[in-house]
1. So which residues in the range 3-21 are open to solvent by 50 Å² or more (accessible area, probe 1.4 Å) and either at pLDDT below 95 or part of a helix (DSSP H, G or I) (or both), if there are any at all?
2. Note down all Cβ pairs under 8 Å where the first residue falls in the range 56-78 and is closer than 18 Å to ILE22 by Cβ and at pLDDT below 90, the second is assigned to a loop (DSSP other than H, G, I, E, B) and not β-branched (Val, Ile, Thr), and they're at least six residues apart or on different chains.
3. Given the condition assigned to a helix (DSSP H, G or I), under 23 Å from GLN89 (Cα atoms), free of Cβ contacts under 8 Å to residues at least 40 places away in the same chain and not polar (S, T, N, Q), answer yes or no: does some residue in the range 29-44 qualify?
4. Name the single residue that is modelled with the highest pLDDT among those in the range 79-91 being open to solvent by 80 Å² or more (accessible area, probe 1.4 Å), closer than 20 Å to GLU21 by Cα and assigned to a helix (DSSP H, G or I).
5. With the requirement that a residue be among the aliphatic types (A, V, I, L, M), open to solvent by less than 50 Å² (accessible area, probe 1.4 Å) and more than 20 Å from ALA87 (Cα to Cα), what does the range 22-75 give you?
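The values are calculated or read from the model by the stated rules, or taken from the named source; none is laboratory data. Predicted model only: the values in this text are computed from it and were never measured. Note that each Cβ is placed from the backbone with ideal geometry, even for glycine, and that neighbours are counted across all protein chains shown. Only protein heavy atoms, including side chains, enter the accessible area calculation; ligands, DNA and RNA are left aside. Shrake-Rupley method; radii C 1.70, N 1.55, O 1.52, S 1.80 Å.
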Amino acid sequence: MARSLRNDPDLIYDYVRNTIEIEWAYGLRKGALGSLTDKSGTAFDQAKLMVDLLREAGITASYQVGTITLTGPEFQAWSGLTNASAACQLLAN
């Protein structure tokens, strides 16, 4: 897959971001191959795929785990949710 994306980190990023749908769950569920096959995965699955593709392209890559703080509009852009109750339910799950 990395070779088909010309081993270009920008194309790899765009591919993962625009092709792999988010599954709202915590933790690694499918891994890189599963998310590539199903075209969906958790944020952890997406990160695993991204790191694996970058490494396959010969680029040093690693994981970074942390906490982010988003404004309401940033959360809406990220999740696609506009309803506060739905957002709370998503985060609670």
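1. Going residue by residue through the range 3-21, those that are open to solvent by 50 Å² or more (accessible area, probe 1.4 Å) are 3-4, 6-7, 9-11, 13-14, 17-18, 21.
Listed by number, the residues that qualify are PRO9, ASP10, LEU11, TYR13, ASP14, ARG17, ASN18.
2. Going by the 8 Å Cβ cut-off, the qualifying pairs are TRP78/LEU70.
3. Residues of the range 29-44 that are assigned to a helix (DSSP H, G or I), as a first pass: 31-38, 43-44.
With the extra rule that they be under 23 Å from GLN89 (Cα atoms), the set shrinks to 43-44.
Subsequent filtering for residues that are free of Cβ contacts under 8 Å to residues at least 40 places away in the same chain retains 43-44.
The next check asks that each one be not polar (S, T, N, Q); those that pass are 43-44.
The answer is yes, given that some residue of the range 29-44 is assigned to a helix (DSSP H, G or I), under 23 Å from GLN89 (Cα atoms), free of Cβ contacts under 8 Å to residues at least 40 places away in the same chain and not polar (S, T, N, Q).
4. Only one residue fits best here, namely GLN89.
5. Once the filter is applied, which keeps residues that are among the aliphatic types (A, V, I, L, M), open to solvent by less than 50 Å² (accessible area, probe 1.4 Å) and more than 20 Å from ALA87 (Cα to Cα), the range 22-75 yields ALA32, LEU36, ALA47, LEU49, MET50, VAL51, LEU53, LEU54, ALA57, ALA61.
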